[in-house]
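Everything below concerns the one structure shown next.
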Amino acid sequence: MELSQLAKRYSDFYTPAFSVRLSGQDLVRELLAPVSQLEVDLMLGAASRFSFTIPNCYDQEKGIFRTSQSKNLLNKLEFGSKVELYMGYGDSKSLPIVLKGVVTEITTDFPEGGVPELTIAGYDYGFSMTIGKNKRTWSKKRDSYAATEIAQFHNLGAKIESTIDEQIQIEQNQESDWEFLKKLAERNHFELYVDEQATLHFARPDKKQSAIVKLEYGKALLSFRPEANLAGQISRVEVYGWDLRQNQKIVGVANAGQEFGLRGDSPGQFLRSFGPGPKKQPTLRIRQPVRSQAEAKKLAQNILNERAEKFLTGEGECIGLPEIRPDRNVKLDRLGGSFSKTYYIHQATHKIDSNGYRTRFKVKETGL
């Protein structure tokens, strides 16, 4: 998508706006609480966090935090209160949703000679999966089956990609549901997160989709700091196991150039020019209990992908755009040749305060 299309949608990015809604009620416009700033930190592999500040809400005479309607704010903003956060431009009623979550933190300060203010913070609906420890066992099931059951248990929608291998046994042993699902996601090279519609995602990175928007340095892209680093990279992964039934070796191999979602040349391909010869490329060899050649190859591929994703990383800042979210792609341009390309977003922070609306983001790529 071109930036000009978003400019039409958001009235040329004038008048940044946000809405904090509690059970459908707008905290600012209906409950008359003077929220001064809002920040939402969206990320993969962890529950996304939000925070907002409410100044000038302390009634010195009554000794309570209140709205302009004299209602007790802390009766509205209790632990576990469900919050919907919207950010964008223009009319607050038509803003896109950025996060649905629950209040988990209430902070204030009673300074000498000053006025107390409230800071409210919390997490998306993935928070419930981080609490407590569970013990469960699934026999002859796929990892995706376990992920679906856990999503249903927490009343979440589910976007679960079916995993290929049926496991003899899947065991959750005194782990939180989030820790357990993250472990399953890592061994399948999946991303794990809860989106703005309270849907759990357990699927491969969505790197093949089109870029959500193109940003040019010096215009909407305010700053960008990329880093391409060959340290710790490899050109080939070999996984070795043993087939007890056939009494023979199992070998799974993944080579540079086979990285998932590769755009450009991978770090392993660059490394070949440093080696002593084409048959002596930098190789990682590991021994691992695997049941088949297909499982060994999948493991080798996952290890190669994980290494390659650390090759090209970057941090940037742009004008506030709610479309910039993890598990999406963004095209960055006018960055001096090689760095002008499409990147995969794995973290985005949206903030509106007295200085306006800006979005900071982190990206990673397997190729340059």
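The values are calculated or read from the model by the stated rules, or taken from the named source; none is laboratory data. In this text the structure is predicted, and so the values were computed from the model without any measurement. No Cβ is skipped: glycine too gets one built from the backbone with ideal geometry, and neighbour counts run over all protein chains shown. Please note that ligands, DNA and RNA were not included when accessible areas were found on the heavy atoms of the full protein model with its side chains. Shrake-Rupley method; radii C 1.70, N 1.55, O 1.52, S 1.80 Å.
Any idea how many residues of region 35-63 are over 28 Å from Ser176 (Cα atoms) and open to solvent by 50 Å² or more (accessible area, probe 1.4 Å)?
7
Name, by its number, the condition in (1) of a type in the set (Gly, Ala, Ser); (2) part of a helix (DSSP H, G or I); (3) closer than 13 Å to Thr199 by Cα that does not hold for Ser144.
Status for Ser144: all satisfied but (3).
Can you name the residue in region 334-348 that is more than 17 Å from Ala228 (Cα to Cα) and open to solvent by 10 Å² or more (accessible area, probe 1.4 Å) and is also farthest from the chain's Cα centre (by Cα) among such residues?
Looking at residues that are more than 17 Å from Ala228 (Cα to Cα) and open to solvent by 10 Å² or more (accessible area, probe 1.4 Å), I get Arg334.
Select from region 17-34 the residues that are open to solvent by less than 60 Å² (accessible area, probe 1.4 Å) and either assigned to a helix (DSSP H, G or I) or not small (Gly, Ala, Ser) (or both) and list them in ascending order.
Passing the criteria: Phe18, Val20, Arg21, Leu22, Asp26, Leu27, Val28, Leu31, Pro34.
Only residues in region 212-237 that are under 19 Å from Leu312 (Cα atoms) count as the first member; pair them with residues that are part of a strand (DSSP E or B) and hydroxyl-bearing (Ser, Thr, Tyr), Cβ under 7 angstrom, at least 6 apart or cross-chain, and list the lot.
Once the first residue is under 19 Å from Leu312 (Cα atoms) and sits in region 212-237, its partners that are part of a strand (DSSP E or B) and hydroxyl-bearing (Ser, Thr, Tyr) give Phe224/Tyr217; Glu227/Thr313; Ile234/Thr283; Ser235/Thr283; Arg236/Thr283.
Given the conditions (1) open to solvent by 50 Å² or more (accessible area, probe 1.4 Å); (2) at pLDDT 85 or above; (3) farther than 21 Å from Gln347 by Cα, report the number of the one that Glu315 does not fulfil.
(3)
Testing Thr53 on (1) at pLDDT below 90; (2) more than 23 Å from Asn329 (Cβ to Cβ), one condition comes back false. Which one is that?
(1)
When you look at Lys159, is it part of a loop (DSSP other than H, G, I, E, B), among the basic types (Lys, Arg) and either open to solvent by less than 70 Å² (accessible area, probe 1.4 Å) or over 16 Å from Ala300 (Cβ atoms) (or both), yes or no?
no
Name the residues in region 100-127 that are modelled with pLDDT of 90 or more and either open to solvent by 50 Å² or more (accessible area, probe 1.4 Å) or over 30 Å from Gln172 (Cβ atoms) (or both), would you?
Residues satisfying the conditions are Glu105, Ile106, Thr107, Thr108, Leu118, Thr119, Ile120, Tyr123, Tyr125, Phe127.
Kindly list, by first and then second residue, each pair from a residue in region 136-155 that is open to solvent by 80 Å² or more (accessible area, probe 1.4 Å) to a residue that is small (Gly, Ala, Ser) and not in a loop (DSSP other than H, G, I, E, B), limited to pairs with Cβ atoms under 8 Å and residues at least 6 apart or on different chains.
As it stands, the answer is Gln152/Ala158, since those pairs meet every condition given.
Failed condition for Ser68, given (1) open to solvent by less than 40 Å² (accessible area, probe 1.4 Å); (2) more than 26 Å from Gln197 (Cα to Cα), with all others met?
Of everything listed in (1) open to solvent by less than 40 Å² (accessible area, probe 1.4 Å); (2) more than 26 Å from Gln197 (Cα to Cα), Ser68 misses just condition (1).
Residues Gly261, Gly257: which one is part of a loop (DSSP other than H, G, I, E, B), of a type in the set (Gly, Ala, Ser) and within 25 Å of the chain's Cα centre (by Cα)?
One residue alone meets the criteria, Gly261.
Which ranges mark the strands (runs of 3 or more DSSP E) fully within region 168-247 that have 2 or more residues being over 25 Å from the mean Cα position of the chain (by Cα) and surrounded by 18 or more Cβ atoms within 10 Å (Cβ to Cβ)? Even if it seems obvious, please write down each step before you answer.
Details: elements: 191-194, 199-203, 214-216, 221-228, 236-243.
Qualifying strands (runs of 3 or more DSSP E): 236-243.
Could you check region 49-81 and list, in sequence order, the residues that are out of contact with any Phe, Trp or Tyr (no Cβ under 9 Å at 6 or more places or on another chain), of a type in the set (Lys, Arg) and outside any loop (DSSP other than H, G, I, E, B)?
Of everything in region 49-81, just one residue is out of contact with any Phe, Trp or Tyr (no Cβ under 9 Å at 6 or more places or on another chain), of a type in the set (Lys, Arg) and outside any loop (DSSP other than H, G, I, E, B), namely Lys76.
Give the number of residues within region 93-124 that are among the aliphatic types (A, V, I, L, M) and either within 24 Å of Asn72 (Cβ to Cβ) or more than 29 Å from the chain's Cα centre (by Cα) (or both). Working first, answer last.
At the first step, the residues of region 93-124 found to be among the aliphatic types (A, V, I, L, M) are 95, 97-99, 102-103, 106, 115, 118, 120-121.
Right, trim to either within 24 Å of Asn72 (Cβ to Cβ) or more than 29 Å from the chain's Cα centre (by Cα) (or both) and you get 102-103, 106, 115, 118, 120-121.
Residues in region 93-124 being among the aliphatic types (A, V, I, L, M) and either within 24 Å of Asn72 (Cβ to Cβ) or more than 29 Å from the chain's Cα centre (by Cα) (or both): 7 in total.
Identify the single condition in (1) in contact with a helix residue (DSSP H, G or I) (Cβ under 7 Å, 6 or more places away or on another chain); (2) closer than 23 Å to Lys100 by Cα that Phe13 does not satisfy, given that it satisfies every other one.
(2)
Just to be sure I understand, how many residues within region 15-35 are at pLDDT below 90 and of a type in the set (Ser, Thr, Tyr)?
So the count comes out to 1.
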